[in-house]
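Below: one structure, written as structure tokens.
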Amino acid sequence: MASTFQRARTAEQRAERATAILRAARDLLDELPLEAVTLNAIAGRAGFAASNVLRYYDSREAVLLALVAAETETWLTDLLAEPPVSGQNADRCRAVAATVAATMERHPHFCELISVQAAVLERNVRVETTAAFKATTSEQLGRAGDWLLGALPELAPLGRPAVLQFTARCIVIAGALWAHSRSNTRVAEHLGDTESAGNDRTSAVADIRDTLALLFLGATRHERRPGGSARPTAHRIR
């Protein structure tokens, strides 16, 4: 495999190789648990030697970190295409939470990757790689936060920076809930209990929906401080 490898000579060829590597990693996630998606497995699926993959990415974690950004973009495109909701505050909070949970269910790779992003994927990569990733996801977070602000305008008095921070925390919580359910699912799959495995995934989506609904309800019920700024009555964004 290594003997037939030809180095990309143009920026377009390099981009094609990098995309092929990401595609290979994503395809492997359809078949294997995340921890089994190794650098050698990615290289083999892409048709490269591992040393050649490292010409494009720092490490296995760098490949998966790039995949986080790609999967986030796919999920975000889906979310932003959702029609606006209407109704009273409580109804809209529940509807928006259901919308977010439903889009996350349609993008399981996104959920799995964000659940291990900070603890696993942001390790063993160069500072420059992490900085570039943060810049990309910061822009993505801005669009997600603006969507949430449009869906729940009651958040506006908190200020856009606080809304973006709140959005980021909601995504982190959703990823944690997904990871918890996946742990149960893998045990069920190992035991051959396909019904329980399916129920665990359904439960994860319901947990994400219900938890986000509570967070949205709390964040949109704010009061005025003496200085004129707002804060949530149910929980304060620090």
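The values are calculated or read from the model by the stated rules, or taken from the named source; none is laboratory data. Everything quoted here is computed from the prediction, not taken from an experiment. Don't worry about glycine lacking a Cβ; one is built from the backbone with ideal geometry, like all the others, and counts go over all protein chains shown.
Screening Arg123 on (1) assigned to a helix (DSSP H, G or I); (2) within 19 Å of the chain's Cα centre (by Cα); (3) touching a residue at least 24 places away in the same chain (Cβ under 8 Å) shows it passes everything except condition (1). Contact map, the stretch 56-79: first residue over 25 Å from Leu148 (Cα atoms), second residue outside any loop (DSSP other than H, G, I, E, B) and charged (D, E, K, R), Cβ cut-off under 8 Å, separation 6 or more or different chains; pairs are Tyr56/Arg14; Tyr56/Arg17.
Only residues that are farther than 22 Å from Ser115 by Cα, small (Gly, Ala, Ser), assigned by TED's automatic domain parsing to the domain that holds Thr136 and part of a helix (DSSP H, G or I): list them for the stretch 48-91, please. Reasoning before the result, please.
Pass one, the stretch 48-91, residues farther than 22 Å from Ser115 by Cα: 48-56, 81-91.
Then drop every residue that is not small (Gly, Ala, Ser), which leaves 49-51, 81, 86-87, 90.
Filter again for assigned by TED's automatic domain parsing to the domain that holds Thr136, leaving 81, 86-87, 90.
Residue satisfying the conditions is Ala90 alone.
Asp207 meets the stated requirement of being buried (at least 17 other Cβ atoms within 10 Å of the Cβ) and either part of a helix (DSSP H, G or I) or at pLDDT 95 or above (or both).
Phe110 meets each of the listed conditions (1) within 16 Å of Val37 (Cβ to Cβ); (2) surrounded by fewer than 19 Cβ atoms within 10 Å (Cβ to Cβ) apart from (2). Checking each residue in the stretch 149-165 for being touching a residue at least 24 places away in the same chain (Cβ under 8 Å), farther than 17 Å from Thr137 by Cβ and in a helix (DSSP H, G or I) picks out Gly150, Ala151, Glu154, Leu155, Pro157, Leu158, Ala162.
Assess whether Ala101 counts as being surrounded by 14 or more Cβ atoms within 10 Å (Cβ to Cβ), part of a helix (DSSP H, G or I) and within 14 Å of the chain's Cα centre (by Cα). The answer is yes for Ala101. Is there a residue in the stretch 16-24 that is touching a Lys or Arg at 6+ places or on another chain (Cβ under 9 Å), modelled with pLDDT of 95 or more, within 18 Å of Val120 (Cα to Cα) and surrounded by 17 or more Cβ atoms within 10 Å (Cβ to Cβ)? No, the conditions are met nowhere in the stretch 16-24. Residues that are under 21 Å from Leu155 (Cβ atoms), surrounded by fewer than 20 Cβ atoms within 10 Å (Cβ to Cβ) and of a type in the set (Val, Ile, Thr) within the stretch 69-98 comprise just one, Val85.
Yes or no, residue by residue, for (1) within 22 Å of Ala81 (Cα to Cα); (2) at pLDDT below 95; (3) of a type in the set (A, V, I, L, M, F, W, C):
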| position | (1), (2), (3) |
| --- | --- |
| Leu141 | yes, no, yes |
| Leu155 | yes, no, yes |
| Pro161 | no, no, no |
| Ile173 | no, no, yes |
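On inspection, Arg169 does not qualify as surrounded by fewer than 18 Cβ atoms within 10 Å (Cβ to Cβ) and not in a helix (DSSP H, G or I).
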